[in-house]
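One structure is given here, and the rest of the page talks about it.
The values are calculated or read from the model by the stated rules, or taken from the named source; none is laboratory data. Since the structure is predicted, the reported quantities are computational estimates derived from the model, not experimental observations. Note: ideal-geometry Cβ built from the backbone for every residue, glycine included; neighbour counts use all protein chains shown.
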Ligand SMILES: Cc1cc2nc3c(=O)[nH]c(=O)nc-3n(C[C@H](O)[C@H](O)[C@H](O)COP(=O)(O)OP(=O)(O)OC[C@H]3O[C@@H](n4cnc5c(N)ncnc54)[C@H](O)[C@@H]3O)c2cc1C
């Protein structure tokens, strides 16, 4: 009960509704889910924005859930619905069929490439794809906190990266938070290369400096993992193929929206394929273009928002540093803007 999966997601209300509709949300153990009651966003100067669920009359802003738990209940659901499950890997794609590592060829009207940022199906089928490196690495670990987090997701936007502490269920050791720290890859590589004890001590010192004791003393309670951060997008549809999730788009994790965007893809694809004309096949390019069009705007909006924030805070130029902190003061004083921000974040 005190071991937590290293990867956690902030699940938005829209994703929660989708998972609840599939009947899998209720299968998640309540004790493993933390609800986010507020967000606290610190700028690199004295800028601070606080968003509370009550300001928008919501019971919570989001939920923090381990990826291992979501995958476990989804696999149970697949079994319960009797959906055939083939333990195999996509190894190639030719003439409308997937070649697999073990069992040969699979033919289908529609293949959905939900196989991650490196998408072997996308590559084998030759769908267009572009990627730009942020030269940043996302470091994740779970921490024991000296003070209760009270359901607050806290972020520090710094000119050298973005640190997020997400609320997690308490453990026997007390309050727990999940750290996602996007930092310059050179510093991350230095940290990842240290022996375990030195790594823990160095990370705890860096956390102390970055958080100014906001959650009391922070102690690392899990191994440290690093993910290279990139901005990627791909052609989402080709005859007989649709891409979803990170196979189709990958964003900076500063808004914690990657999986939510992927679940939005799945919801749209299922709705559009199910609603097609009876004479069209599921993989008909006209049907898949509808899917591509439906997702273009939400994906672009999230791409612009996360990339724009990364650029705004990544700059050391004095006018931008002033602007971002002044902007945060302005937002903090404007309840209407705060309600819009909360509504926007909940819609994805
Ligand atoms: C540091 C960090 C923090 C993040 N925090 C958040 C957050 O708080 N909230 C959020 O919404 N998002 C977050 N994200 C983004 C999120 O992790 C991704 O958007 C999400 O995991 C993408 O899911 P996916 O299923 O598309 O891809 P993946 O999670 O990469 O899954 C791909 C799957 O495809 C399988 N696969 C790979 N190759 C093959 C093959 N050849 N054949 C068959 N299957 C294959 C893999 O085994 C895997 O199961 C974060 C990302 C990072 C890096």
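Assorted remarks:
- Yes/no for residue 289 being more than 8 Å from the ligand (Cβ to nearest atom) and at pLDDT 95 or above: yes
- Within the stretch 163-183, considering residues that are within 10 Å of the ligand (Cβ to nearest atom) and free of Cβ contacts under 8 Å to residues at least 60 places away in the same chain, the one surrounded by the most Cβ atoms within 10 Å (Cβ to Cβ): 181
- Some residue of the stretch 46-57 being more than 28 Å from residue 80 (Cα to Cα), within 15 Å of the ligand (Cβ to nearest atom) and either crowded, with 19+ Cβ neighbours inside 10 Å or without any contact (Cβ under 8 Å) to a residue 40 or more places away in the chain (or both): no
- Hits in the stretch 153-162 - residues which are modelled with pLDDT of 95 or more and surrounded by 22 or more Cβ atoms within 10 Å (Cβ to Cβ): 153
- For residue 223: the one exception among (1) within 28 Å of residue 107 (Cα to Cα); (2) in contact (Cβ under 8 Å) with a residue 12 or more places away in the chain: (1)
- Contacts under 6 angstrom Cβ, first residue in the stretch 23-42 being within 21 Å of residue 149 (Cα to Cα), partner at pLDDT below 95 and surrounded by fewer than 17 Cβ atoms within 10 Å (Cβ to Cβ), 6 or more apart: 35/60; 36/60; 37/60; 38/52; 40/50; 42/48
- In the stretch 218-237, the qualifying residues are those that are more than 11 Å from the ligand (Cβ to nearest atom) and under 18 Å from residue 251 (Cα atoms), and the one that is farthest from the chain's Cα centre (by Cα) is 235.
- Residue 187 touching a helix residue (DSSP H, G or I) at 6+ places or on another chain (Cβ under 7 Å) and within 16 Å of the ligand (Cβ to nearest atom): no
- Residues in the stretch 107-153 that are within 15 Å of the ligand (Cβ to nearest atom) and free of Cβ contacts under 8 Å to residues at least 12 places away in the same chain: 118, 123.
- Members of the stretch 251-284 that are within 16 Å of the ligand (Cβ to nearest atom), out of contact with any helix residue (DSSP H, G or I) (no Cβ under 6 Å at 6 or more places or on another chain) and in a loop (DSSP other than H, G, I, E, B): 256
- Of the strands (runs of 3 or more DSSP E) lying entirely inside the stretch 24-110, those containing at least 1 residues that are over 30 Å from residue 222 (Cα atoms) are 90-94, 97-100, 104-107.
- Selection status of residue 248, buried (at least 21 other Cβ atoms within 10 Å of the Cβ), within 21 Å of residue 106 (Cα to Cα), within 13 Å of the ligand (Cβ to nearest atom) and modelled with pLDDT of 95 or more: no
- Look at the stretch 71-90: where a residue is under 26 Å from residue 104 (Cα atoms) and a partner is within 12 Å of the ligand (Cβ to nearest atom) and assigned to a helix (DSSP H, G or I), sitting 6+ places away or on another chain with Cβ atoms under 8 Å, you get 85/75; 89/120; 90/120; 90/121; 90/124.
- Residue within the stretch 302-321 that is outside any helix (DSSP H, G or I), modelled with pLDDT of 80 or more, touching a helix residue (DSSP H, G or I) at 6+ places or on another chain (Cβ under 8 Å) and loosely packed, with under 15 Cβ neighbours inside 10 Å present: no
- From 118, 141, 97, 131, residue being buried (at least 17 other Cβ atoms within 10 Å of the Cβ) and modelled with pLDDT of 95 or more: 141
- Condition broken by residue 75, with the remaining ones in (1) within 16 Å of the ligand (Cβ to nearest atom); (2) more than 21 Å from residue 178 (Cβ to Cβ); (3) crowded, with 19+ Cβ neighbours inside 10 Å satisfied: (3)
- Residue check for residue 246: in a helix (DSSP H, G or I), touching a residue at least 60 places away in the same chain (Cβ under 8 Å) and touching a helix residue (DSSP H, G or I) at 6+ places or on another chain (Cβ under 9 Å): yes
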